[in-house]
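The next block holds one structure in the form of structure tokens; read it before the comments.
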Amino acid sequence: MADLSVNFCGVTFKNPLVLASGILGITASSWRNVVRNGAGGITTKSLWLNEHQGHPNPVIIANDHYMLNAVGVPDAGVKKAEEEISLFLKKRGASKPPLIANIIAGSVRDYGVIAEEIGRMKPDILEVNISCPNVESEFGTPFACVAGDAARVTKEVKKALKKVAPKLPVTVKLSPNVENIVEIAKAVVDAGADGLTVMNTVGPGMAINIESRTPILANRVGGLSGPSLKPLAVKFIYSIRQALPEIPIIGTGGVLTGEDAIEMMMAGATLVGIGTGVYYRGVEVFGLAAAEMNAWCTANKVKKLSSLIGTVK
Ligand SMILES: Cc1cc2nc3c(=O)[nH]c(=O)nc-3n(C[C@H](O)[C@H](O)[C@H](O)COP(=O)(O)O)c2cc1C
């Protein structure tokens, strides 16, 4: 057996495969099920301070090549999050699979408030979603698309955490929908981010029902995810790793197999998120991909998977 464990900002994961935000990530029992199926850790869906309505149905369309979603980040608010997070943390067993809490807000100030609330719950890592394309119409351009805005959110979150959880690592989730992702990455790292999550969905895109001549999603447009994203994610991770070699990255976008995950790690990812892969291979995707990584390592005489991080020639 190869050693699949990795360390992200001082937190140990038994393998690098984590549930990406927004997929199966609503309750403690669902998170436990993902861990039972082989995930090294889990990310919650994006958590809002107050209840937030999503978009009307239909919100997802998927085929062999891609998924479009306009779920619209619905959430019950911070009270419900507290119940589920404390349930998960209390009963997570001896292996202690890490919990990454993902937060979202509509203003810089609210990012600070929600960070403080969630920081008190003592997750292992805080992921700051500044890059959701589906809430754009509500709040203007996503914070992830302007370096100054992205930096302001990061600073506010770090400042808020100083009071309640000064050691909690913060990873900021970047958007692919920008001209220069390295510039944004540098801005958030300068503002205090400990890690980066690369990346959220692409787009938004649109699919049309040609019989009715109407967009398939009720929201008309949605974020693109799934296999077609992987080359973009790999390139972005690679470019950021070249510019910021010390900053750990959670690589996310189109990973379905262990080989996909290894490719992302070679580009520079320490952890690898799987989201849409759950749709294609079921929740078993984590165990299957971990076994595939192990088989690859054995065949290639790699004893420690983490030795592959950033090794693309
Ligand atoms: C249905 C759906 C819901 C999502 N919800 C969230 C969310 O709440 N917060 C977030 O940061 N990302 C969210 N994402 C983005 C994913 O976490 C991930 O970054 C993206 O889908 C690319 O990875 P994938 O191809 O493995 O799905 C969502 C994606 C999908 C498909």
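Read the figures in this text as sums done on the coordinates, not as results from a lab. A quick note: this is a predicted structure, and the numbers were derived from the prediction, not measured. Every residue, glycine as well, gets a Cβ built from its backbone with ideal geometry; the counts of neighbours run over all protein chains shown.
Just rank Leu49, Leu229, fewest to most, by other beta-carbon atoms within 10 angstrom.
Starting with the residue having the fewest Cβ neighbours, the order is Leu49, Leu229.
Once the chain from Glu246 to Ala94 is taken as fully extended at 0.36 nm per residue, the excess over their C-alpha distance is 51.7 nm.
Full extension of the chain between Lys313 and Ser29 gives 98.1 nm of extra length, using 0.36 nm per residue less the Cα-Cα distance. Note on segment 1-92: Kirkwood radius taken over Cα pairs, Stokes-Einstein applied at 10 °C and 1.306 mPa s, translational D equal to 107 µm² s⁻¹. Exposed loop sites were defined as GluC sites (Glu not before Pro) in DSSP loop states (anything but H, G, I, E or B) carrying at most 14 other C-beta atoms within 10 Å; in the chain the longest segment without such a site runs 52-178. Anyone know which of Lys173, Lys80, Lys301 comes out most mobile in the 10 Å Cα GNM of the chain? So, out of Lys173, Lys80, Lys301, the one fluctuating most is Lys301.
Pairs with C-alpha atoms separated by more than 24 Å, drawn from the list Lys91/Lys304; Lys80/Lys186; Lys96/Lys167; Lys14/Lys301; Lys14/Lys79, are Lys91/Lys304; Lys80/Lys186; Lys14/Lys79.
Would you give the gap between the C-alpha center of segment 1-26 and the C-alpha center of segment 230-306, rounded to a whole Å? With segment 1-26 and segment 230-306 each reduced to a Cα centre, they are spaced 10 Å.
For the pair Glu211 and Lys79 in one chain, pulling the backbone fully straight at 0.36 nm per residue adds 43.1 nm over the alpha carbon distance.
Considering Cα pairs under 8 angstrom that are at least six residues apart, work out the relative contact order of segment 52-158 and quote it in whole percent. List each step's numbers first, then the result.
Numbers: 114 pairs, mean separation 24.2, N = 107.
For segment 52-158, the relative contact order is 23 percent.
In segment 43-112, the ratio of gyration radius to Kirkwood radius, Rg to Rh, stands at 1.06 when only Cα atoms are counted.
Run the helix sum for the chain: -39,500 (n - 2.57) per DSSP H stretch of 4+ residues, divided by residue count, reported at 222 nm to the nearest 500 deg cm²/dmol. Taking each H run of at least 4 residues, the total per residue is -10500 deg cm²/dmol. Computed over the chain with a Gaussian network model linking Cα atoms closer than 10 Å, the most mobile of Ala144, Ala94, Ala269 is Ala94. Kirkwood analysis of the Cα pair distances in segment 130-271 returns a hydrodynamic radius of 16.0 Å.
Which shape class, rounded, prolate or oblate, goes with segment 188-313 when its Cα gyration tensor gives a ≥ b ≥ c as root eigenvalues, a/c under 1.5 marks rounded, and past that a/b bigger than b/c marks prolate? Oblate is the answer for segment 188-313, as a/c is 1.5 or above yet b/c matches or exceeds a/b.
Please check: in the Gaussian network model of the chain (C-alpha springs, under 10 Å), which one of Ala218, Ala289, Ala191 has the largest mean-square fluctuation. Answer for the Gaussian network model of the chain: Ala218. Treating each Cα of segment 42-197 as an identical point scatterer and summing with the Debye formula, the log10 of I(q)/I(0) at q = 0.18, 0.20 Å⁻¹ comes to -1.11, -1.29. Principal axis extents of the C-alpha atoms in the chain (largest first, rounded to whole Å): 54, 51, 39. Placing unit charges on each Cβ (+1 for Lys and Arg, -1 for Asp and Glu) gives the chain a dipole about its Cα centre, and among Leu217, Gly192, Ile23 the Cα reaching farthest toward its positive end belongs to Gly192. Relative contact order of segment 180-239, taken over Cα pairs closer than 8 Å and 6 or more residues apart, is 33 percent.
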